[in-house]
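Worksheet: the structure to be examined is printed underneath.
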Amino acid sequence: MISLTGNQFHGDVTFMEVGDRSRPVVQLPEEAWQPIAEVDAPPGLDNLPVKPGAKFVGRAHELDRLDAVLSVPGQVVVQAVHGLGGIGKTTLVAHWAATRPHGHNPVRWITADTAAGVEQGLAKFAAALQPALAQALEVEQLADRALQWLATHSGWLLILDNVADPADIAEILARAGTGRIVITSRLASGWQPAAAVVRLDVLDAQEALALLTGILTASGPRDCDGAAELCAELGFLPLAIEQAGAYMAQNPLTTPRKYLQLLADYPAAVYSQVAVGADAERTVARVWRVTLDRITAAQPDAADLLRILAWYSSDAIPLALAHGLAVDPLTLDRALGVLTAYSMVISDPATATVSVHRLIQAIARTPDSSDPHRSSEEIDRAHRYAAASLLSALPDGRDPATWPAWRGLLPHIAVLAYYTPSDTAVTVRILDRTADFITDQGLTTLAITYLYRVVAHDEWALGRDHPNTLASRGSLAVAYTHAGRTDEAILLFEQTLADCERILGPDHPQTLTTRSNLAYAYNSAGRTTEAIPLYERTLTDSERILGPDHPDTMASRNNLASAYISVDRTTEAILLFEQALTGRERILGPDHPDTMASRNNLASAYASAGRTTEAIPLFERTLAGSERVLGGDDPDIALFHEHLTRLRILSRRSALPDGMGS
């Protein structure tokens, strides 16, 4: 017999022959046979992995949520803290367990990302309770011993960190007694109905800034210029901020401003970069790669969908844009469900939209040859799908009923435009149609930026004489006109008109449109005597070629009337305005923006001619229609009210006997 003693062993061992092998047989001390219900937890069993320190900031609401759940007599209390990888779940729960007066003992922490990890954590707990059993029982026997202890005792706190599959902890939840279990997980769903779920979000801006500056200045004063912008760029994600802070703390010459530049120039490397001595597995790129491994195993299309969503704005992405995945509705639904379950997206049923953390998007659209989820081919394909889906979702910008949908898409268009590495035929069509809409909405600076890209692409891909190129040059000139850059507009219109007449012919609809737009630019620049002949020629040709009821013909009629007003040819203008209004009401309807513009123009012409009694009803109809279509908060509504009030006052004065209106 051999006798062994030590901190983890208190029995004797003999070796017995079993077949052709020998195995130890442990003779346990008498206390090892004590009923588990009578085994008290010795001091020193707490094993929190993180000590509270200066890195912890904010989270007061979430800490209060953890405090608020009171023990229910005879039941186990279960809380599930879930959120995106890197959001700070582990840090929050460790801080709460170490610093808040929860009154539980012992406090055991188990890394529960796998079933084996759960079993090992329980086995270590049993061994800590009764060290003599450590060498006597197999791992699964020790784990069962720990479960028996939890079932027969109360007052304990068990923290199951980073649970990947609720099935891995199902037995714990089923057998636990009257203690308390806190779960951290990236999973948002799958917990038992009685569990109190705490969703953890990113830090607010001030908390994030405090975390970053605290890390930077831990060893003394530092240049923190750009720290707030860096926190915003990192989406206020604690892990990303800690990763950046540790790197800058190690590199004193790297300021937040310089780190931002590094992030822009070398995104793939920066997302994976850690300070010397730091855990290489604890980077945002690595943490989310592990999550995507699990997501891909569960639903491969979910990873494809995430890469598509990465090309849009992070908030309120319409589900219609997810259709770029080109799968059946059931597969799409499952893909969204998996991404939601792993907290990679947040779904909002009320608006039928989803949101994605901006840093997830940044990583998902950044190629990295070392990451199987971020190959250049996968990311390029996702970009093509995202662009095609966005183009197909663009509504008709001339219909006011579509304007809310347009405004909802503008942030997604802006992000796609910003991050598109090189324009394609699809992206420039998106930019062209968007520029047309936002020019009418008064966003001319952005429209011009988009149209520069459209013209450059069309000239490169199609040639300067291609009809699409001529049209995009014309659109840019229109945007110049609306922006008040009339000299540039006139020069570009004159060049484009000459090219249209040479290539397409004088009677081509695009030539007519360009001639009309040049006339408009002349009139806007005060060159009315040059504008009127062009307008008159364009109207005559439009009526002959397109017909009197074509929208472009009616626009020409309206524009010529406006030019006549400029040179006091009011009678001729009124006749044209009346024709334009009659045609637009019949063809477009009474509430179309062009119809309301014609009605307003005719009312103004009547007022200029002193025909206020005819002008007022038209202004009243225009005001009512504008309020109905545009809403009462539109800035033009106030102008309509003011103008109508002045006309009514003028009308009342003119109705008074001579001398009484002064």
### Task
Mind jotting down the three principal axis lengths of the stretch 392-503 based on Cα atoms? Whole angstrom, largest first.
40, 29, 21
### Message
List the lysines whose Cα sits under 20 Å from the Cα of K55, skipping any in the same chain fewer than 8 residues away.
### Response
K89
### Query
Between A275 and A297, what length comes free when the chain is fully extended (0.36 nm per residue of separation minus the Cα-Cα distance, one decimal in nm)?
4.8 nm
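For A249 and A37 in the same chain, what is the full-extension length gain: residue separation times 0.36 nm, less their Cα-Cα distance, in nm?
Extra length from A249 to A37 when fully extended: 71.3 nm.
Mind checking the dipole of the chain: about its Cα centre, +1 per Lys or Arg Cβ, -1 per Asp or Glu Cβ, Debye to the nearest 20?
My answer is approximately 880 debye.
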### Query
Taking N as the number of residues in the chain, what is its Cα Rg relative to 2.2 N^0.38 Å?
1.38
### Query
For the chain, what is the percent of antiparallel DSSP beta bridges, rounded to the nearest 5?
45
### Query
Which whole-number percent of Cα pairs in the stretch 284-389 have a distance greater than 15 Å?
58
### Query
Can you give the relative contact order of the stretch 393-467 as a percent, counting alpha carbon pairs under 8 Å and 6+ residues apart?
24
### Message
I need the shape label for the stretch 460-584. Rule: rounded when a/c is under 1.5, else prolate if a/b > b/c, else oblate, with a, b, c from the alpha carbon gyration tensor.
### Response
oblate
### Task
For the stretch 580-612 and the stretch 194-248, write down the distance between their C-alpha centroids in whole Å.
57
### Message
Tell me whether the stretch 107-208 comes out rounded, prolate or oblate; compute the Cα gyration tensor, take square roots of the eigenvalues as a ≥ b ≥ c, and use a/c under 1.5 as the rounded threshold.
### Response
prolate
## Note on the structure
Largest first and rounded to whole Å, the semi-axes √(5λ) derived from the alpha carbon gyration tensor of the stretch 214-321 read 30, 17, 11
### Alpha carbon Rg of the stretch 205-272, scaled by the compact-globule rule 2.2 N^0.38 Å
0.97
### Task
Determine the distance separating the Cα centre of the stretch 376-450 from the Cα centre of the stretch 77-113; give it in Å without decimals.
44
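Where a number appears in this text, it was derived from the coordinates with a stated rule and is not lab data. This is a predicted model, so every value here is computed, not measured. Methodologically, a virtual Cβ is constructed for each residue, glycine included, from the backbone with ideal geometry; neighbour enumeration extends over all protein chains shown.
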